[in-house]
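The values are calculated or read from the model by the stated rules, or taken from the named source; none is laboratory data. Quantities reported herein were computed from a predicted structural model and do not represent experimental measurements. Here the Cβ is made from the backbone with ideal geometry for all residues, glycine too, and neighbour counts use every protein chain on show. Keep in mind that these areas ignore ligands, DNA and RNA; they rest on the heavy atoms of the full protein, side chains included. Shrake-Rupley method; radii C 1.70, N 1.55, O 1.52, S 1.80 Å.
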Amino acid sequence: MSKKLLVFQHVEREHPSNIALYAKEHGMGLDIVRISETADIPDIASYDALVVMGGSMGAYEDYPGKEAELAAIREAIGTMPVLGICLGSQLLAYALGAKVYPYMVDGKRVKEVGYGAVELTDEGKASPLFRGLPSPLTVLQWHGDTFELPDGATLLATNSVCRNQAFSKGNAFGVQFHVEVTPELVAEWVADDGSWAHTDHDMNDGTVVADAKKYAEHMKRQCFALMDNFLGA
């Protein structure tokens, strides 16, 4: 039987994108729960894996559906592979008892926005999630929050701007960065989320959009490889 994925989506513009394409090309089922629109989360046990997407809210903030989502994430941890992306990684850390907070350096807000590199730690290079993938990885960053590592978690990736870029605990994985995006999705973010990206950060819109096109095939291949690893973890 083909695998069936459950996806938690927080805002319309942060949808599964290449993950949905991966599921389609591999004959997998994929159900999306739009967290802010419903508290009706299906039975976790009927799925093979959970993917928690990004969003504009903070894991430390209240938003519609948050408690039901956290309960479902905690139920999934230890029973199936769980992948948290950006906000999803922060929610995974939060569900595991770690602190999530706005990222500050010397009293100033710091955001990571745009394409850049993250380095795998030695543990990351040995992690099943990154099997066969190079270090450094080229990824898209779009965040202003960060998280502490949960107790018992392993740091898998880092960079010079923000230390905690990816972690694992058992077969639960959080990645602070995006691997799933397409050029169309990035262009939408630049258009719709530009005011956020230009506050406390000097984003060059044209560079980000051009890089999205430049790295489109790379990001797709990398996303598909990571999903292969994730579902085999």
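What residue, of LEU87, LEU50, is within 16 Å of the chain's Cα centre (by Cα) and touching a residue at least 60 places away in the same chain (Cβ under 8 Å)?
LEU87
Got at least one residue in region 190-206 being within 24 Å of VAL11 (Cβ to Cβ), modelled with pLDDT of 95 or more, surrounded by 17 or more Cβ atoms within 10 Å (Cβ to Cβ) and in contact with a strand residue (DSSP E or B) (Cβ under 8 Å, 6 or more places away or on another chain)?
No, region 190-206 contains no residue that is within 24 Å of VAL11 (Cβ to Cβ), modelled with pLDDT of 95 or more, surrounded by 17 or more Cβ atoms within 10 Å (Cβ to Cβ) and in contact with a strand residue (DSSP E or B) (Cβ under 8 Å, 6 or more places away or on another chain).
Residues are listed down the side, and each one gets a yes or a no for (1) at pLDDT 95 or above; (2) open to solvent by 40 Å² or more (accessible area, probe 1.4 Å); (3) part of a helix (DSSP H, G or I):
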site	(1), (2), (3)
LEU6	yes, no, no
GLU12	no, yes, no
TYR22	yes, no, yes
VAL33	yes, no, no
GLY54	yes, no, no
ALA59	yes, no, no
ALA71	yes, yes, yes
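Taking the residues in region 165-192 that are part of a loop (DSSP other than H, G, I, E, B) and in contact (Cβ under 8 Å) with a residue 60 or more places away in the chain as candidates, determine which candidate is farthest from MET53 (Cα to Cα).
Here the residue is GLY170.
With the requirement that a residue be at pLDDT 95 or above, hydrophobic (A, V, I, L, M, F, W, C) and more than 23 Å from ALA216 (Cα to Cα), what does region 87-112 give you?
Result: LEU91, LEU92, ALA93, ALA95, LEU96, ALA98, VAL100.
Mind checking whether some residue in region 113-123 is part of a helix (DSSP H, G or I) and closer than 24 Å to CYS223 by Cβ?
yes
Looking at (1) touching a residue at least 12 places away in the same chain (Cβ under 8 Å); (2) open to solvent by less than 50 Å² (accessible area, probe 1.4 Å), which is the only condition GLY97 fails?
Here GLY97 meets the rest and fails (2).
Show the residue pairs meeting these rules: Cβ distance below 6 Å; 6+ apart or different chains; first residue within region 66-82 and within 16 Å of THR38 (Cα to Cα); second residue among the small types (Gly, Ala, Ser) and crowded, with 22+ Cβ neighbours inside 10 Å.
Pairs that qualify, where the first residue is within 16 Å of THR38 (Cα to Cα) and the partner is among the small types (Gly, Ala, Ser) and crowded, with 22+ Cβ neighbours inside 10 Å, are LEU70/ALA95; ILE73/ALA95.
Taking ASP40 and the conditions (1) part of a loop (DSSP other than H, G, I, E, B); (2) surrounded by 15 or more Cβ atoms within 10 Å (Cβ to Cβ); (3) more than 14 Å from the chain's Cα centre (by Cα), which numbered condition does it fall short on, given that it satisfies the others?
It is condition (2) that ASP40 fails.
If I ask for residues that are among the hydrophobic types (A, V, I, L, M, F, W, C), touching a helix residue (DSSP H, G or I) at 6+ places or on another chain (Cβ under 8 Å) and not in a helix (DSSP H, G or I), which ones from region 73-95 would you list?
ILE77, MET80, VAL82, LEU83
Six or more apart or on different chains, Cβ atoms under 7 Å: show the pairs whose first residue is in region 220-233 and in a helix (DSSP H, G or I) and whose second is open to solvent by 60 Å² or more (accessible area, probe 1.4 Å).
Cβ pairs passing all conditions: ALA225/GLY132; ASN229/ARG131; LEU231/LYS3.
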